[in-house]
Amino acid sequence: MNSEKLSTRLAAVASFVEQGATLADIGSDHAYLPCCLVKAGTISKAIAGEVVKGPYESAVRNVRKKGLSDEITVRLANGLEAVHPSDGVDTISIAGMGGPLIATILNDGIEKLENVKRIITQPNIHALSIREWAVQNGWQIIDEQILKEDHKIYEIIVLEKGQAEYNELEMMVGPYLLDRKSDIFIEKWKREVDEWKRVLDSLENAGNTEAIDDKKEQLRNKIELVGGILSN
Ligand code: SAM
């Protein structure tokens with residue numbers, strides 16, 4: 001992958017950045033996403049935030065190599081600390097991390113979101129954490145995407161401010177993804193249900209403590225809830 005040609009996953013994240021946005025890409029590693037969006041003319045200004053020195057230095061090098069130092073500011077910073085009020089950031093992308101970490105980054109920097117219009121997240125796992133964070137903090141899901149790259153399945157959740165209610169199933173699998181029920185969506189949840197059934201089977205012989213019984217009950221509920229959408 002390079003900043004002229006993004007991976008399928010990052011290209012899908014990029015497709016949700018609106019023309020003329022001022023972007024902060026948090027956890028930017030090589031700054032591929034902002035570099036590509038500036039080169040494509042989608043945006044003219046971005047912040048690339050990275051908390052780890054190695055990836056931060058890769059981002060600095062890449063931005064310099066592309067001649068984009070005037071357009072892209074790379075900052076060594078934890079989460080939304082990379083965003084300064086004078087930047088005028090209206091769009092945030094956080095991709096390639098677990099859902100709980102993305103939710104923590106959003107929560108820890110919640111005051112930085114006041115003037116932000118759109119948040120684009122791509123959790124590698126536990127997308128539910130992002131949907132929960134959104135509902136609890138006055139953001140609604142405006143779109144979602146599911147895609148497969150190198151045998152891995154990724155979800156993208158796009159948020160804008162607003163109140164919305166989602167039922168338990170929508171929170172778990174995503175309201176837009178549920179509505180569309182793509183082949184990749186079915187594949188993902190078949191895999192999950194199979195894994196829950198495997199764990200449930202292994203717990204059948206693990207004794208009967210309260211904790212084990214609770215876990216079994218949770219698994220049975222999830223299998224019933226999600227299994228129901230796979231059969232019709
Ligand atoms: N966003 C790129 C992508 O999707 O390809 C890079 C993903 S990489 C797997 C995750 C990056 O997030 C790493 O470079 C890591 O150092 C960075 N990261 C993790 N926690 C962070 C935080 N709290 N603030 C900023 N960056 C963070």
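Anything in the stretch 106-134 that is aliphatic (A, V, I, L, M) and touching a strand residue (DSSP E or B) at 6+ places or on another chain (Cβ under 6 Å)? List them, or say none.
VAL116, ILE119, ILE120, ALA127, ILE130, ALA134
Quick grid of which residues meet (1) open to solvent by less than 40 Å² (accessible area, probe 1.4 Å); (2) of a type outside the set (Val, Ile, Thr):
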position	(1), (2)
GLN136	no, yes
LYS148	no, yes
ILE184	no, no
TRP189	yes, yes
TRP196	yes, yes
ILE212	yes, no
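Within the stretch 2-16, how many residues turn out to be more than 12 Å from the ligand (Cβ to nearest atom) and buried (at least 24 other Cβ atoms within 10 Å of the Cβ)?
Of the residues in the stretch 2-16, 0 are more than 12 Å from the ligand (Cβ to nearest atom) and buried (at least 24 other Cβ atoms within 10 Å of the Cβ).
Restricting to the stretch 17-42, name every residue that is more than 13 Å from the ligand (Cβ to nearest atom), among the hydrophobic types (A, V, I, L, M, F, W, C) and under 18 Å from ALA82 (Cα atoms).
ALA21
Give the residue that is modelled with the lowest pLDDT, with candidates limited to residues of the stretch 23-44 that are surrounded by fewer than 18 Cβ atoms within 10 Å (Cβ to Cβ) and farther than 25 Å from LYS148 by Cα.
Of everything passing the filter in the stretch 23-44, SER44 is modelled with the lowest pLDDT.
Suppose we filter the stretch 90-101 for residues that are open to solvent by less than 10 Å² (accessible area, probe 1.4 Å) and either more than 9 Å from the ligand (Cβ to nearest atom) or over 16 Å from VAL13 (Cα atoms) (or both); how many remain?
Result for the stretch 90-101: 3.
The values are calculated or read from the model by the stated rules, or taken from the named source; none is laboratory data. Note that the coordinates shown come from a computational prediction; the quantities given were computed from them, not determined experimentally. When we count neighbours, we look across all protein chains shown, and the Cβ atoms used for this are built from the backbone with ideal geometry, even at glycine. Side chains included, ligands, DNA and RNA excluded: accessible areas come from the protein's heavy atoms. Shrake-Rupley method; radii C 1.70, N 1.55, O 1.52, S 1.80 Å.
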